There are 6 protein chains.
Amino acid sequence: MTTNFDAYTTSQFKVIIPNTLNDHETLFGGEALKWMDEVAYITAIRFTRNKMVTVSTDKIKFLKPVKSGTIVEVFGKIVNVGTVKIDVLVDIYMEEMYDDCRQKVITGQFTFAALNNENKPIAIASILQKN
Amino acid sequence: MTTNFDAYTTSQFKVIIPNTLNDHETLFGGEALKWMDEVAYITAIRFTRNKMVTVSTDKIKFLKPVKSGTIVEVFGKIVNVGTVKIDVLVDIYMEEMYDDCRQKVITGQFTFAALNNENKPIAIASILQKN
Amino acid sequence: MTTNFDAYTTSQFKVIIPNTLNDHETLFGGEALKWMDEVAYITAIRFTRNKMVTVSTDKIKFLKPVKSGTIVEVFGKIVNVGTVKIDVLVDIYMEEMYDDCRQKVITGQFTFAALNNENKPIAIASILQKN
Amino acid sequence: MTTNFDAYTTSQFKVIIPNTLNDHETLFGGEALKWMDEVAYITAIRFTRNKMVTVSTDKIKFLKPVKSGTIVEVFGKIVNVGTVKIDVLVDIYMEEMYDDCRQKVITGQFTFAALNNENKPIAIASILQKN
Amino acid sequence: MTTNFDAYTTSQFKVIIPNTLNDHETLFGGEALKWMDEVAYITAIRFTRNKMVTVSTDKIKFLKPVKSGTIVEVFGKIVNVGTVKIDVLVDIYMEEMYDDCRQKVITGQFTFAALNNENKPIAIASILQKN
Amino acid sequence: MTTNFDAYTTSQFKVIIPNTLNDHETLFGGEALKWMDEVAYITAIRFTRNKMVTVSTDKIKFLKPVKSGTIVEVFGKIVNVGTVKIDVLVDIYMEEMYDDCRQKVITGQFTFAALNNENKPIAIASILQKN
């Protein structure tokens, strides 16, 4: 059975350019949520190699505005494997382009359930054993 | 001071077409989150007519998959006005195109803080009095 | 037969952010037309609950430029129900973010025809009776 | 003064792929309108080499649905030069990918006004003389 | 057999607006590459009227940054017809909006192979003869 | 001076969903090129922490079609540091969702030049020394 969660982290680097900005010229929160959901989903799929559906998100915190002209890393990792659900933590880090400054700016957790071929929930343990 | 929250509901109807879908041919969760954030933000702005920033979301629940070829309404309303924050509830309803069936499919709450011209938090009450 | 058109209005609120702008930093007209078409289509579908296709638009007037950093409501309503076609009026209203100023900025009418399962035109009256 | 309108036609070829489709798997009308507006605007600018704003569209007719997996040409040309306005006709032609079949599927006219540096209307003749 | 390559040029005019820009407020290179690929593909399809797949690009040169508020023409033409492949040259020209200045800013070549109904390569000559 | 190139790899995982597809229901090549350019640019910036501009791409090879419903990793790494230019190799790997199959599907190299504050080329060595 798979136990090393670190082998399943998923990263998505993005540049903060005009088509990602809100009316304050910082990253539009909805765009950030879209990226987080995609990264959370890929993290869950790559860990289980099974059909997964998003059940819910926990509290998502917007810690700092993300400035135009920076780079962000959207980073997902498995943090909890339950009986029928898994939790993926997604953090967004902002990096200045021209120095090494890097800090966490948005963070939140996404919960997924595994489905079998008839779209019924199945035990995570049975999936991981199979892999 | 404004007290009738119903006067500040915000609606965004959308058609579920191919560019909104995930690999299961249902609405991509990240797209839904993007719409919810935009609607929550507009709801908060229209209520306060003041600069607002997203602080966090509470648990967001994906109740049912949203099928291709349906219509959704993303609906935001003020549910709580605190000292320095307001909470906006956003529900997504799915409507079948060709009958009157309508049901809630995604639901979650967004919290915003008000900022003054120097980007410092200000009391919601002081803003509402001014309006 | 349905006669209360007001029950079928459709609204889509949007924030005017950089990815919606033209080279004058006002709302790109093509983006506005895209929103109007989506809202007109949803209005027509929700009124008839039948397959509808866009036949034409009438004159669409761009009354004022829509500034960056405002909110718009794209608002559709049924204005005429003919034998085989219905007309949907779509108005776009611009709201300042930080005061209650609101004005109509774009307006136009869209005409739809109803189709049956074989993609042949059918009488609107027969559809509305069925609903 | 410029009189040969044909020297100012503007073309935009596009492939009809999933992200351009509506729920009937044909080209979403709003996407077509967005392309037409961009082409009309470029046609007007290239003819006058002056700041232009969209004033209105005339009747736009959707003659046939545009099928997925085809190619379209969005084609703009000047059809009328008035005292202070110019009219641009935009036709969309659909081409089958694998044979030479080509037909007009959408057609409409866009009207533009010329503005000077103070955003006041100016005579088209004075602009064309200058060029 | 078709020999006049000039009959198969393909053009796509675009306005350089905020949603096309990078963090230096010039055209995002990835956006340019996306446009070039679409134009190259359409050029290849219109010449052969046969299923084509992209095999590779040759060196693509970014000659000058493309400024915000300009117009570009993405222009594709057949430059070589081999036994089983064809080469399409795609040039992007930047035009100032308000004067007649026009210059080449990006240039590159795309190579396509023709496939038959079983997705096996077929000779270009046999396709052109058929047309 | 920085010499460990591996510390500067950049990854962008993506799901292949309908809005990324071409008319054959595989990944649209232009979309892939857009992702590769973004990843190449971020790789170059993170290595130098200096203003960089894309000079050219070398041959980009499309090795296999990327199927709908897969996951891709767009992976960039520094492969050559010249006097005034650096080369970034970008590979796209396709992963099946539900098994561990992973293979390279697109590969190409991007070349960047470093600019100083006056937008003049500067020596890469001088930048790396500073960092």
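A few points about this structure:
- Note on chain B: Lys pairs 8 or more places apart or on different chains, Cα atoms under 19 Å apart, count 27.
- Relative exposure of E:L21, E:L63, judged by other C-beta atoms within 10 Å (fewest first): E:L63, E:L21
- Shown in residue order for segment B:66-73 are the 3J(HN,Hα) couplings computed by the Karplus curve 6.51 cos²θ - 1.76 cosθ + 1.60 at θ = phi - 60°: 9, 6, 4, x, 10, 10, 10, 10 Hz (x for Gly and Pro).
- Value of relative contact order over chain C, rounded to a whole percent, pairs C-alpha under 8 Å and six or more apart: 30
- Hydrodynamic radius of the protein assembly as shown per Kirkwood, over alpha carbon pairs, in Å: 27.7
- Segment B:45-107: Rg to Rh, with Rh as the Kirkwood radius over Cα pairs: 1.08
- Label distances, nm, E:P121 versus same residue in remaining copies, Cβ-directed 7 Å point: 3.7, 5.3, 5.3, 6.2, 6.6
- q = 0.24, 0.28, 0.29 Å⁻¹, segment B:1-48: log10 I(q)/I(0) [Debye, one scatterer per Cα]: -0.86, -1.01, -1.05
- Applying 1/(1 + (r/R0)^6) with R0 = 30 Å to the Cβ-Cβ distance of D:K120 and C:K59 gives a FRET efficiency near 0.80.
- When chain C is reduced to its Cα atoms, the Kirkwood hydrodynamic radius in Å: 15.5
- The separation of segment C:72-118 from segment A:73-90, counted between C-alpha centres, amounts to 44 Å.
- Loop-located GluC sites (Glu not before Pro) in segment A:82-123 (DSSP state other than H, G, I, E, B) with a sparse environment of at most 15 neighbouring Cβ atoms within 10 Å: A:E118.
- Under the Debye formula (equal points on every Cα, no solvent term), log10 I(q)/I(0) of segment A:88-131 at q = 0.14, 0.16, 0.22 Å⁻¹: -0.57, -0.63, -0.79
- Counting only DSSP H runs of at least 4 residues, each contributing -39500 (n - 2.57), and dividing by the residue count of chain E, the helix-based mean residue ellipticity at 222 nm comes to -6500 deg cm²/dmol.
- Helix axis angle, E:29-48 relative to chain E longest principal axis, alpha carbon, degrees: 30
- Computed about the Cα centre, the dipole magnitude for chain D is approximately 600 debye when only Lys and Arg (+1) and Asp and Glu (-1) carry charge, each at its Cβ.
None of the figures in this text is laboratory data; all of them are computed from the coordinates on show. Bear in mind that the values here come from a model prediction, so they are computed numbers and not experimental data. Every residue, glycine as well, gets a Cβ built from its backbone with ideal geometry; the counts of neighbours run over all protein chains shown.
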